[in-house]
């Protein structure tokens, strides 16, 4: 029994990879003359399922897939299993393909959550087994490669493997067979790309990159072998090799009395599945007797999104040991700002996609400037990577992004060439090289005697304020010019008359702010918070706040706030969030509307019919009145009230077990010369920032 358990996937109860291989080998041995097909498939954009509905919902999708497989293959002389994550495989007699076509060609996964049905596309690769000598693993590889050719193809969600795909297999196998020798013979070379001061181009650090100088194939590009290594797990070995080579170079130069700068190296997403990751990195640093701050570690947003809890624990452990953590490609993910809030980092490497519309009047420059300002106020260092033109450099300097990486100053270069640069004192800024974080905004001045100088306080950049708290009552007692401008206050008198901050915040947001103030008092340290409030002109804004407890006298407690306006960033992320959520619904429903209870109009987010287009607005409050004769429900009057009163809708949704309201009705269809039935589903979506949106999704039955 114990041996069988090792062959079973614990989540789905079907074979795991090892179990599938073993069962399929036995199947082939039992039926030497029968022709078989191996199918490999996965759920496209599976991570989106986890993000939209939670990881437990994702697990339910996988278990639902396994249940469908069991039903489809009941009585079939074949095998099936789950390879990893959302990847499944099956082997069945070729003559049964037509009988299984409904399953294998569906290209769609149906998942029901609390009475509501969701559909997600899947894609399939099929390999007709003609040569059993290649082994089960190679057969699965061929079906997987066939699957890769139709990813994101919703018209044709399956493909058969053919010999035209063989070349890629051969190339991959040849590369993988050369890996061990490449490590042994040091064919992998470390290239270095400097990070420079924007003002004068002097070097403060560098990023270590890998190149494969193959003795027969020449220089192999990273985008060829890195994805292959990540897929096959060899990336862990390669990363350790790079960490070791970088540390060896740093030790050699240090022992020779030569200048050194911190070098950042990538920690791949797959590395975080190594339970000994921290120990491996620490062991290398200790082996070469280096200060851990010299080996900086770059983590991507995608690595964090894959397993937030595990990545955060590992990063915190490494940080506590003394390593400097960089977030690479910041801005490339769906929720960059939220990731930054959750993941402890020291340096941001900003994805230069923000510069795509530089000079075209786009919003990217505004967002980039906000991010740079945010890093300063959070005492982080920001590095803009991918800087190639003087126009980009000048813009970055204008927003005080002081550190850049890119072709404008240096391309990646071999180790010897990089060391030649370090040997020239005029090219290296050693003082900045050893500094971690950003000390450009020293807030100690605000807590010293200098605070008595009105000129210093008033002219500090950003919004500064001092708040007094008595029990749960907070009011502003002192602000600077930046605060007036941020809050759109016309004069000092307005602030004096409207100084109770609770008047400008929702109760939930105000309670969270009070908790942050209590945390600042308890820890005697600066606490970060994101505040949503209304300005004096009534417009809602988002602020990033640094809060510090100044002291108390009796019940009166004083807090210092350093504020930055992050509204533009929040709106940009909100737009991405809504678009991502909507795209998931677009694959399921014929039409999707967003209801505006203030105006009574519904905005069209999606329509498969030509009668409407995205952005159109239709009046919806008389929906149930218009179709009341055709609506199948005894609660027509109540539902009609819900369309007119948000409170009624909230009550109905809260009482619903599924969290939604579904109503079936019929409409006249002249083309079909009769009526057709339609289902409307109403539900409420709360975004990552606490905003609520009411959606109605329409589907023909």
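General observations
- Note on segment 332-364: among residues that are modelled with pLDDT of 75 or more and crowded, with 19+ Cβ neighbours inside 10 Å, the one that is farthest from residue 547 (Cα to Cα) is 351.
- Filter result for residue 694 (under 29 Å from residue 571 (Cβ atoms) and modelled with pLDDT of 85 or more): yes
- Looking only at segment 476-502, and only at residues there that are part of a helix (DSSP H, G or I) and modelled with pLDDT under 55, the one that is nearest to the chain's Cα centre (by Cα): 495
- Any hit, segment 204-223, residues being surrounded by 15 or more Cβ atoms within 10 Å (Cβ to Cβ), modelled with pLDDT of 85 or more, within 18 Å of residue 427 (Cβ to Cβ) and over 28 Å from the mean Cα position of the chain (by Cα): yes
- Residue in segment 264-277 that is assigned by TED's automatic domain parsing to the domain that holds residue 325, surrounded by fewer than 16 Cβ atoms within 10 Å (Cβ to Cβ) and part of a helix (DSSP H, G or I) present: yes
- Qualifying positions in segment 313-331 - touching a strand residue (DSSP E or B) at 6+ places or on another chain (Cβ under 8 Å) and without any contact (Cβ under 8 Å) to a residue 60 or more places away in the chain: 315, 318, 319, 323, 325, 327, 329, 330, 331
- Scanning segment 553-563 for residues that are assigned to a strand (DSSP E or B), touching a residue at least 12 places away in the same chain (Cβ under 8 Å) and surrounded by fewer than 19 Cβ atoms within 10 Å (Cβ to Cβ) yields 556, 558.
- The strands (runs of 3 or more DSSP E) found wholly in segment 28-123 and carrying at least 2 residues that are under 21 Å from residue 10 (Cα atoms) and at pLDDT 90 or above occupy 79-84, 87-93.
The values are calculated or read from the model by the stated rules, or taken from the named source; none is laboratory data. Values in this document were obtained by computation on a predicted structure and should not be read as measured data. Heads up, the Cβs are rebuilt from the backbone with ideal geometry, glycines too, and the neighbour counts pull from every protein chain shown.
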